[in-house]
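Undergrad: Have a look at the structure that comes next, please.
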2 protein chains.
Amino acid sequence: MSLISEIKEQPSRIKYLLSSQRRNVERIAAEFRKRDIQYVFLAARGTSDNAGRYANYLLGAQNGLPLALATPSLFTYYKRPPVLKNALVVGISQSGKSPDIVSVLEEGRRQGCATLAITNESKSPLAQSADYVIDIQAGAEKAVAATKTYTTELMAVAMLSCALTGNEKQWDELSKAPGWMRATLKQSDFISQAAQRYRYIDQTVVLGRGFNYATAFEWALKLKELTYIIAEPYSSADFAHGPIAMVESGYPVFAVAAKGRVFDSMLQMIKRLRKDISAELVVISNDKRALTEAQVPLAIPADVPEWLSPLVSILPAQLFAYHLTRAKGYNTEQPRSIRKVTETR
Amino acid sequence: MSLISEIKEQPSRIKYLLSSQRRNVERIAAEFRKRDIQYVFLAARGTSDNAGRYANYLLGAQNGLPLALATPSLFTYYKRPPVLKNALVVGISQSGKSPDIVSVLEEGRRQGCATLAITNESKSPLAQSADYVIDIQAGAEKAVAATKTYTTELMAVAMLSCALTGNEKQWDELSKAPGWMRATLKQSDFISQAAQRYRYIDQTVVLGRGFNYATAFEWALKLKELTYIIAEPYSSADFAHGPIAMVESGYPVFAVAAKGRVFDSMLQMIKRLRKDISAELVVISNDKRALTEAQVPLAIPADVPEWLSPLVSILPAQLFAYHLTRAKGYNTEQPRSIRKVTETR
């Protein structure tokens, strides 16, 4: 039963990471500020790639840094890495072992870029290939489906962003995250009941936008890994550019609609899906206008600021995937066909 | 019946684009070479975003340029555009009308970056917001599902890459693309028969890697828009990091495995799916080792070079989506719920 205990230990892991790594992250940020960093070049796979999607929005909005997601095959199969002038090269990996991610960091170092590893294994090949390391200190993750390493990776990204701006108000908000997470996890029994309705679901789409684009991807990934349903993530804008054609009456759509700048656009899509197409909706939100449209509303605390909402909004999604896995009678600890550490080139 | 005629006119559109725009593209490339461009910042949605995925690999491998896919909501909803120092800002849009893509170009110009629009409408807002324009000259596209504007966008990207390197051998290869495309389109009747087998398919995954990562995305998008099945694209590496757990015996997997640097990794995945999981396979390839593993093999000419293969390998995918739409009895010209021009913010 490690998956549910790993889900539930997230608030304490986040709290520990914040206190134990703040000085290290501030020291790293001070080094980065001395360099002429013009953009971030980030390599990751799977769950860690979704943490990278969060970094894309957060470092853009808070730090003015454009972010390019690396295409590792250019480094490994094609052996034609791009010229990474003035890039901060970042690798995110729980195990720190995937050769393709390591090769991006090694190339970044070879080209004289600043390199940063965000990993749960501070002695891994990834950590050894980087100038700087943020150890997410999530403890051993035994379940194959990553949960606590995802939220600690998000936290590491958020801490880096705060350290780069040096905004004390944002550090204060960060310190409230464990409390918001604990409050959200109290819904586990409610979600266990709600998941029964989806015992025979075999496909869905998952919508999110802005900061919670990452949440949509990570919710979809947990559903695919654990419940074997096909679950495709979209920004609501990309969804409107074609894939919405798939949706017919009763089609299940999952959506993450936290309060903030993109809320109105998400609400508009949710209303269109409900009123025009009669879709079935599972909605994670902290705004009643979105929650009341859903057959299954999953609430997060009202006062979570948008930039931190991915740390909190993923929790009902993880619980939903866990309880749906049980409802379907599958193994929550060891999904078929995948291993904990996947080494791709 | 405009969709099938638009699919079939692609070779002649590509040929015309190559002859009519080469001088313009070379002039643009000469201007770009005068500037200190360190990376490409690219904004697009839907089909055009898939052309952007091709640009990500091609400009990386051939031109050493890292590429960041823009997150337009940072420009529109969040009003926190990143600092685009030394970026070439590119917008790709058939109609040139989507406000979010236009806003990225406008911001790029405001920050003093070089800006380029790739569009089918040379008087559109997107074209007007850019310093340089490549007019893809695809002619009016009447079917809602984009086909000829996709391949002409790919061609525009390939021409820009060749103009930046100035490699005459690559221009020669480009000039062969219309012939390879014509040869491939001759399979329309065979594909019409083959598609019957999938009359009752309701979901699939589409795999591609490297240059044909874009093809996997575009094939999946055509399937979703036209046949309303859920079709999720993956790189074979990301697929191995979790989603492969979904696949069980008989599950349909579509794959694009053109000869080249990533072929062995694609072949390994195809064999694993066939032998270990007994998946059902539709494979686009020019290598017999991949085609013989498939229940439905879709061949492209043997001598297409990998870097140009996306221009050719998308054609069997378009034909497959078209014929499957007819087999399912749906409207090929006007899918439900979507319009030709989608204006998102």
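Undergrad: Would you check which residues across region B:259-280 are open to solvent by less than 10 Å² (accessible area, probe 1.4 Å), more than 7 Å from every other protein chain (Cβ to nearest Cβ) and aliphatic (A, V, I, L, M) and list them?
TA: B:Met266, B:Ile270, B:Leu273, B:Ala279
Undergrad: Look at B:Pro252 and say whether it is in contact with a Phe, Trp or Tyr (Cβ under 6 Å, 6 or more places away or on another chain), open to solvent by 10 Å² or more (accessible area, probe 1.4 Å) and more than 22 Å from B:Gln62 (Cα to Cα). Break it down stepwise before answering.
TA: Values: in contact with a Phe, Trp or Tyr (Cβ under 6 Å, 6 or more places away or on another chain): no; open to solvent by 10 Å² or more (accessible area, probe 1.4 Å): yes; more than 22 Å from B:Gln62 (Cα to Cα): yes.
No.
Undergrad: Limited to region B:205-226, what total is found for residues that are small (Gly, Ala, Ser), assigned to a helix (DSSP H, G or I) and touching a strand residue (DSSP E or B) at 6+ places or on another chain (Cβ under 8 Å)? Steps first, please.
TA: Looking only at region B:205-226, we keep the residues that are small (Gly, Ala, Ser), and these are B:208, B:210, B:214, B:216, B:220.
Next cut, assigned to a helix (DSSP H, G or I) only: B:210, B:214, B:216, B:220.
Narrowing the set further to residues that are touching a strand residue (DSSP E or B) at 6+ places or on another chain (Cβ under 8 Å) leaves B:214, B:216, B:220.
Total satisfying the criteria: 3.
Undergrad: Restricting region A:84-101 to residues that are of a type outside the set (A, V, I, L, M) and either within 7 Å of chain B (Cβ to nearest Cβ) or open to solvent by less than 20 Å² (accessible area, probe 1.4 Å) (or both), which is nearest to A:Leu42 (Cα to Cα)?
TA: A:Gly91
Undergrad: Would you confirm whether any residue within region B:303-321 is open to solvent by less than 10 Å² (accessible area, probe 1.4 Å) and of a type in the set (Ser, Thr, Tyr)?
TA: Yes, region B:303-321 contains a residue that is open to solvent by less than 10 Å² (accessible area, probe 1.4 Å) and of a type in the set (Ser, Thr, Tyr).
Undergrad: Could you list all residues from region B:232-258 that are among the small types (Gly, Ala, Ser) and either touching a helix residue (DSSP H, G or I) at 6+ places or on another chain (Cβ under 9 Å) or facing chain A (nearest Cβ under 7 Å) (or both)?
TA: B:Ser235, B:Ser236, B:Ala237, B:Ala240, B:Gly242, B:Ala245, B:Ala255, B:Ala257, B:Ala258, listed by residue number.
Undergrad: Could you identify the single residue in A:Val247, A:Val296 that is modelled with pLDDT of 95 or more and of a type in the set (Val, Ile, Thr)?
TA: Numbers: A:Val247 fails: modelled with pLDDT of 95 or more.
Only one candidate qualifies: A:Val296.
Undergrad: Among (1) over 14 Å from B:Ala68 (Cβ atoms); (2) more than 10 Å from every other protein chain (Cβ to nearest Cβ), there is one condition A:Ala55 misses while meeting the rest; what is its number?
TA: All conditions pass for A:Ala55, except number (1).
Undergrad: Among the residues of region A:21-36, is any among the aromatic types (Phe, Trp, Tyr) and crowded, with 24+ Cβ neighbours inside 10 Å?
TA: no
Undergrad: Which residue pairs have Cβ atoms closer than 7 Å, lie 6 or more positions apart in sequence or on different chains, and pair a first residue in region A:18-39 that is away from chain B (no Cβ under 14 Å) and within 16 Å of A:Glu153 (Cα to Cα) with a second residue that is open to solvent by 60 Å² or more (accessible area, probe 1.4 Å) and assigned to a helix (DSSP H, G or I)?
TA: Every condition considered, the pairs that remain are A:Leu18/A:Ser175.
Undergrad: Among the candidates B:Ala214, B:Ala177, B:Ala183, B:Ala156, single out the residue that is in contact (Cβ under 8 Å) with a residue 12 or more places away in the chain and more than 20 Å from B:Gly260 (Cβ to Cβ). So that I can check it myself, show each step before the final result.
TA: Working: B:Ala214 fails: more than 20 Å from B:Gly260 (Cβ to Cβ); B:Ala177 fails: more than 20 Å from B:Gly260 (Cβ to Cβ); B:Ala183 fails: more than 20 Å from B:Gly260 (Cβ to Cβ).
Of B:Ala214, B:Ala177, B:Ala183, B:Ala156, the one residue that is in contact (Cβ under 8 Å) with a residue 12 or more places away in the chain and more than 20 Å from B:Gly260 (Cβ to Cβ) is B:Ala156.
Undergrad: Further question: Go through (1) buried (at least 24 other Cβ atoms within 10 Å of the Cβ); (2) under 16 Å from A:Gln62 (Cβ atoms); (3) touching a Pro at 6+ places or on another chain (Cβ under 6 Å) for A:Ala158 and report which single condition fails.
TA: Every condition holds for A:Ala158 apart from (3).
Undergrad: Mind listing just one residue for me: the one in region B:109-163 that is part of a helix (DSSP H, G or I) and of a type in the set (Val, Ile, Thr) and, of those, nearest to the other protein chains (Cβ to nearest Cβ)?
TA: Filtering first and then ranking leaves B:Thr149.
Undergrad: Here's a follow-up. Within region A:199-210, track down each residue that is touching a residue at least 40 places away in the same chain (Cβ under 8 Å) and open to solvent by 10 Å² or more (accessible area, probe 1.4 Å).
TA: Selection gives A:Arg199, A:Ile201, A:Gln203, A:Arg209.
Undergrad: Among the listed residues A:Arg209, A:Arg199, identify the single one that is among the basic types (Lys, Arg), touching a helix residue (DSSP H, G or I) at 6+ places or on another chain (Cβ under 7 Å) and away from chain B (no Cβ under 14 Å).
TA: A:Arg199 is the lone residue from the list that is among the basic types (Lys, Arg), touching a helix residue (DSSP H, G or I) at 6+ places or on another chain (Cβ under 7 Å) and away from chain B (no Cβ under 14 Å).
Undergrad: Please indicate, with yes or no, whether at least one residue in region A:164-186 is in a helix (DSSP H, G or I), open to solvent by less than 40 Å² (accessible area, probe 1.4 Å) and within 17 Å of A:Arg326 (Cβ to Cβ).
TA: Yes, there is a match, as at least one residue in region A:164-186 is in a helix (DSSP H, G or I), open to solvent by less than 40 Å² (accessible area, probe 1.4 Å) and within 17 Å of A:Arg326 (Cβ to Cβ).
Undergrad: Can you tell me how many residues within region A:313-332 are in a loop (DSSP other than H, G, I, E, B) and either under 20 Å from the mean Cα position of the chain (by Cα) or at pLDDT below 90 (or both)? Break it down into steps so the answer makes sense when it comes.
TA: Just the residues of region A:313-332 that are in a loop (DSSP other than H, G, I, E, B), to begin with: A:328-332.
Applying the additional criterion that residues be either under 20 Å from the mean Cα position of the chain (by Cα) or at pLDDT below 90 (or both) yields A:332.
Total satisfying the criteria: 1.
Undergrad: Check whether at least one residue in region B:70-83 is hydroxyl-bearing (Ser, Thr, Tyr), modelled with pLDDT of 95 or more and crowded, with 24+ Cβ neighbours inside 10 Å, and report yes or no.
TA: Looking for residues that are hydroxyl-bearing (Ser, Thr, Tyr), modelled with pLDDT of 95 or more and crowded, with 24+ Cβ neighbours inside 10 Å, one finds none in region B:70-83, hence no.
The values are calculated or read from the model by the stated rules, or taken from the named source; none is laboratory data. From a predicted model like this one, the values you see are computed outputs, not experimental measurements. In this analysis, Cβ positions are derived from the backbone assuming ideal geometry, glycine residues included, and neighbour counts consider all displayed protein chains. Calculation scope for accessible area: heavy atoms of the full protein, side chains included, ligands and nucleic acids excluded. Shrake-Rupley method; radii C 1.70, N 1.55, O 1.52, S 1.80 Å.
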